[in-house]
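Laboratory data are not the source of any read-out in this text; all were calculated from the coordinates shown. Note that this is a predicted model, so its numbers are computed, not measured. Neighbour counts run over all protein chains shown; Cβ positions are idealised from the backbone, glycine included.
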Amino acid sequence: MKTIASCVQELLVARPFLEEALSREIINYSALAKDLNQPISELLRKPVKDGAIMMALRRYTPPTSKKNELKLKQIFKDLGDITVRSNLTDFTFYNSKTLIHNHSKVLAEIDADRQVFYAFTRGIHESNIIISSAKKNTIESIFEHETQIATQDQLSAISINLPKGNSKIVGLYYQIFKRLAWENVTLYEVVSTTNEFTILVEDHLIDNAFTVIKGLKNQEF
């Protein structure tokens, strides 16, 4: 059975920026209660008083525990090297029986060139290649018989070395994405391994993105 408290939680979880503002006590409870009145009334299918919603807001406790906040703070403090690469091109192809074979040709082509940035991810229906733009013609030649979905030039990547154990920390990627969103940084692509995280953005966003990533080490929660 839905209650005002459960409706408040449901709405705040769906609006993480609002939830954070509430947890930092930088939001007007009365104004927020009025704003949430209509959706809560619709969820409960009956009129609700602003005062009852305000009471539920004051009692609301974000799900992240203090212990996890300390772990997050330590993880970001221990972030490793941050590497920026520019002049990248992103290709997307439909998966086919020959795609992996052609992928092996690319690996053979760039094996001796350690300066080339290269990332390959395979989804259920399509695969993605990120590569230094100097090798764009190589990709177009090797994959000329594949079905290409999209191509994007003028991209840059920021790679971050994450401390060991990062995969056990709740909300790690959420904190990164949230801060990028706050600065209006649109992510074109995301690639991650166990201890490495890479974001791909359009060139005009790289300065803002780097500032956000660099600032994570001193981030408060």
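For Cα pairs less than 8 Å apart in space and 6+ apart in sequence, what is the mean separation divided by the residue count of the stretch 1-86, i.e. the relative contact order in percent?
34
Three principal axis extents describe the C-alpha atoms of the chain; from largest down they are 67, 39, 31 Å. Taking His125, His103, His204 in turn, the Gaussian network model of the chain (Cα-Cα springs below 10 Å) assigns the largest fluctuation to His125.
First obtain the Kirkwood hydrodynamic radius of the stretch 1-100 from its Cα pairs, then insert it into the Stokes-Einstein equation at 25 °C and 0.890 mPa s, and state the resulting D in µm² per second as a whole number.
For the chosen part, D equals 142 µm²/s.
Distance from the C-alpha centroid of the stretch 99-159 to that of the stretch 163-221: 23 Å, rounded to the whole angstrom. Across the stretch 118-204, the volume of the C-alpha convex hull divided among the residues equals 120 Å³ per residue.
Within straight-line reach of Lys178, meaning a Cα separation under 23 Å, sit the following lysines at least 8 residues removed in sequence or on another chain: Lys66, Lys67, Lys71, Lys73, Lys77, Lys164, Lys168, Lys214, Lys217. With contacts taken as Cα pairs under 8 Å and at least 6 residues apart, the chain reaches a relative contact order of 22 percent.
Across the chain, the longest piece that holds none of the GluC sites (Glu not before Pro) lying in DSSP loops with up to 11 other C-beta atoms within 10 Å covers 26-143. The dipole here belongs to the stretch 77-218: it is taken about the Cα centre, uses +1 on the Cβ of Lys and Arg and -1 on the Cβ of Asp and Glu, and is about 640 debye. Taking a ≥ b ≥ c as the square roots of the eigenvalues of the Cα gyration tensor, the stretch 4-63 is prolate, since a/c reaches 1.5 or more and a/b is larger than b/c.
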